[in-house]
Amino acid sequence: MITEGKGKFLRLCELFLNAVNGILIIAIGVVIVCTIALLFNDVLAFIHDLKAEGIGTVLSSLLILWVLMELLENQVGFLRGHRFNVGVFVLVVIVAFIRKLMVASLKVDKMETLLLPIGTILVLSFVYFIIMRSESRDNR
């Protein structure tokens with residue numbers, strides 16, 4: 001049984017949680033706008049220089065934008081009452097390593113230095129596969 005004091009406290013906590021969720025959505029939105037500006041800047045720099053590194057930079061900006069959209073979609077879905085998708089956060093880390101690998105592969109002479117990021121991507125991809133498979137079973 002919830003007392004009146006506990007009920008007021010829980011309503012206050014819910015209001016605070018809603019405010020924090022709103023701030024989080026606004027922050028993700030601001031980062032998305034900045035990433036779009038970065039993407040346009042990278043595309044213009046690539047068009048101007050036409051260097052091979054430019055393709056990696058443009059693709060990495062696209063990956064970041066895609067991950068941010070996934071995070072925003074996950075947060076909005078959670079606020080609508082859908083289940084919280086943990087796999088999105090594993091996906092964020094995978095994309096971060098892919099981005100690091102793309103940039104590093106253009107600068108590194110020895111492939112041995114790329115083995116750790118590649119191994120990490122493989123392990124995280126397996127973890128992501130397990131999480132997504134588990135979540136799809138739970139939704140049935």
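Read the figures in this text as sums done on the coordinates, not as results from a lab. Predicted model only: the values in this text are computed from it and were never measured. In this analysis, Cβ positions are derived from the backbone assuming ideal geometry, glycine residues included, and neighbour counts consider all displayed protein chains.
Sum up the charges of everything whose Cβ sits under 13 Å from the Cβ of D42, counting Lys and Arg as +1 and Asp and Glu as -1, but leave D42 out. So the surrounding residues net to 0. Taking a Cβ cut-off of under 12 Å around V93, the surrounding Lys, Arg, Asp and Glu residues balance to a net charge of +2, with basic ones at +1 and acidic ones at -1. Taking a Cβ cut-off of under 15 Å around E14, the surrounding Lys, Arg, Asp and Glu residues balance to a net charge of +3, with basic ones at +1 and acidic ones at -1.
Do you know the relative contact order of region 4-138, to the nearest whole percent, from alpha carbon pairs under 8 angstrom that are 6+ apart?
20
Evaluated with a Cβ-only charge set (Lys, Arg +1; Asp, Glu -1), region 4-138 carries a dipole of roughly 360 debye about its Cα centre, given to the nearest 20. Put simply, the Cα atoms of region 4-138 extend 67, 35, 22 Å along their principal axes, the longest span coming first. Ranked by the mean number of other Cβ atoms within 10 Å per residue, highest first, peptides 94-104, 127-137 order as 94-104, 127-137.
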